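The values are calculated or read from the model by the stated rules, or taken from the named source; none is laboratory data. These figures come from a predicted structure and were not determined experimentally. Reconstructed Cβ throughout: ideal geometry from the backbone, glycine too, with neighbour counts over all protein chains shown.
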Amino acid sequence: MSGAGTTAAQFPVRVLGGPTALFEYGGLRFLTDPTFDQPRGYEVPGGSLTKTAPPAAAPADLGRIDVVLLSHDEHPDNLDESGRALLADVPLTLTTPGGGERLGAPARGLADWEAAELDRPGGGTVTVTGVPAVHGPAPRAAVEAALGEVVGFVLTGAGLPVVYVSGDNASGAAVAEIAERFGPVDTAILFAGAPRIPVLFDGEPIVLDSAQAADASRVLGARRVVPVHYEGWAHFTEGREELAAAFTAAGLHGRLDWGSRG
């Protein structure tokens, strides 16, 4: 299925650090994976994670949030303590089926290709479709056994661009499936950073590395790519410089949009 987007002027994306970004789409304000704690360490099964930079803004600075798009709730680099507190003030959180159960209402889980219809303030609807994501390089079942399930999102609506929010995905096959159903994509908010956990999957990236992000952009036919999830955590191994180099090498540098900061 081909996407029904528009090449109209792109909407701004406010990049807040880690996987967290804020954007308005169809009159609704969406926030991805909320992480607002100050730098600190977190104990997680099998080791620890270290946040190295503060968020670019505090929740109180964001204004109204209508929907949180939460790729998964089980890791503090995607939902930390401050982010979890923020969910209580948001009318709807869309996440994994398991996350919907753990968080409870008003969180709702989306299985692969399951859609949620959201009313737009001025009439009409925005459709948010849950799409596949695999949080590591191994077969999906093995990854989910080790790290849990993850979901990505595609946003569509009449007269609106097609938007893909990848979540913590490392699977090119998943990207190809999404491109087949929704491509070309107008804006791809890609989680990158090549995070590595030495004790998992022989140290292979558990989210896209920079070269994979560039290739995903090509497969999606993405007209604009806003990278997130590449700074602010010690286990991220590739940052802005590596992303820029990879997109330049792929002839796609003109598609990069670093978003507005703070």
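Key figures for this structure:
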{"read-out": "Tally, over the range 222-247, of residues that are free of Cβ contacts under 8 Å to residues at least 60 places away in the same chain, farther than 21 Å from VAL150 by Cα and touching a Leu at 6+ places or on another chain (Cβ under 9 Å)", "value": "5"}
{"read-out": "Condition broken by GLY122, with the remaining ones in (1) surrounded by fewer than 24 Cβ atoms within 10 Å (Cβ to Cβ); (2) modelled with pLDDT of 95 or more; (3) not acidic (Asp, Glu) satisfied", "value": "(2)"}
{"read-out": "Some residue of the range 88-96 being within 19 Å of PHE191 (Cα to Cα), touching a residue at least 40 places away in the same chain (Cβ under 8 Å) and hydrophobic (A, V, I, L, M, F, W, C)", "value": "yes"}
{"read-out": "Segments classed as strands (runs of 3 or more DSSP E), wholly inside the range 1-109, with at least 2 members that are of a type outside the set (Phe, Trp, Tyr), within 15 Å of the chain's Cα centre (by Cα) and surrounded by 13 or more Cβ atoms within 10 Å (Cβ to Cβ)", "value": "13-17, 20-25, 28-32, 67-69, 92-95"}
{"read-out": "Residue selected from the range 182-215 under the condition farther than 27 Å from THR50 by Cβ and within 15 Å of the chain's Cα centre (by Cα), by the criterion surrounded by the most Cβ atoms within 10 Å (Cβ to Cβ)", "value": "ALA188"}
{"read-out": "Some residue of the range 141-149 being crowded, with 22+ Cβ neighbours inside 10 Å, farther than 19 Å from ASP33 by Cβ and either in contact (Cβ under 8 Å) with a residue 40 or more places away in the chain or aliphatic (A, V, I, L, M) (or both)", "value": "no"}
{"read-out": "Any hit, the range 148-169, residues being among the hydroxyl-bearing types (Ser, Thr, Tyr) and farther than 22 Å from ALA214 by Cβ", "value": "yes"}
{"read-out": "So ARG196, is it closer than 24 Å to ALA58 by Cα and at pLDDT below 95", "value": "no"}
{"read-out": "GLY157 vs. criteria buried (at least 17 other Cβ atoms within 10 Å of the Cβ) and either aromatic (Phe, Trp, Tyr) or under 26 Å from SER217 (Cα atoms) (or both)", "value": "yes"}
{"read-out": "Tally, over the range 224-254, of residues that are touching a Ser or Thr at 6+ places or on another chain (Cβ under 6 Å) and either among the acidic types (Asp, Glu) or surrounded by fewer than 19 Cβ atoms within 10 Å (Cβ to Cβ) (or both)", "value": "4"}
{"read-out": "Hey, ALA245 of a type in the set (Gly, Ala, Ser), farther than 21 Å from ASP80 by Cα and in a helix (DSSP H, G or I) or not", "value": "yes"}
{"read-out": "Condition met for VAL219 (more than 18 Å from ALA146 (Cβ to Cβ) and either touching a Leu at 6+ places or on another chain (Cβ under 6 Å) or not in a helix (DSSP H, G or I) (or both))", "value": "no"}
{"read-out": "Those residues of the range 138-181 which are part of a loop (DSSP other than H, G, I, E, B), among the aliphatic types (A, V, I, L, M) and within 15 Å of the chain's Cα centre (by Cα), in sequence order", "value": "VAL162, ALA170"}
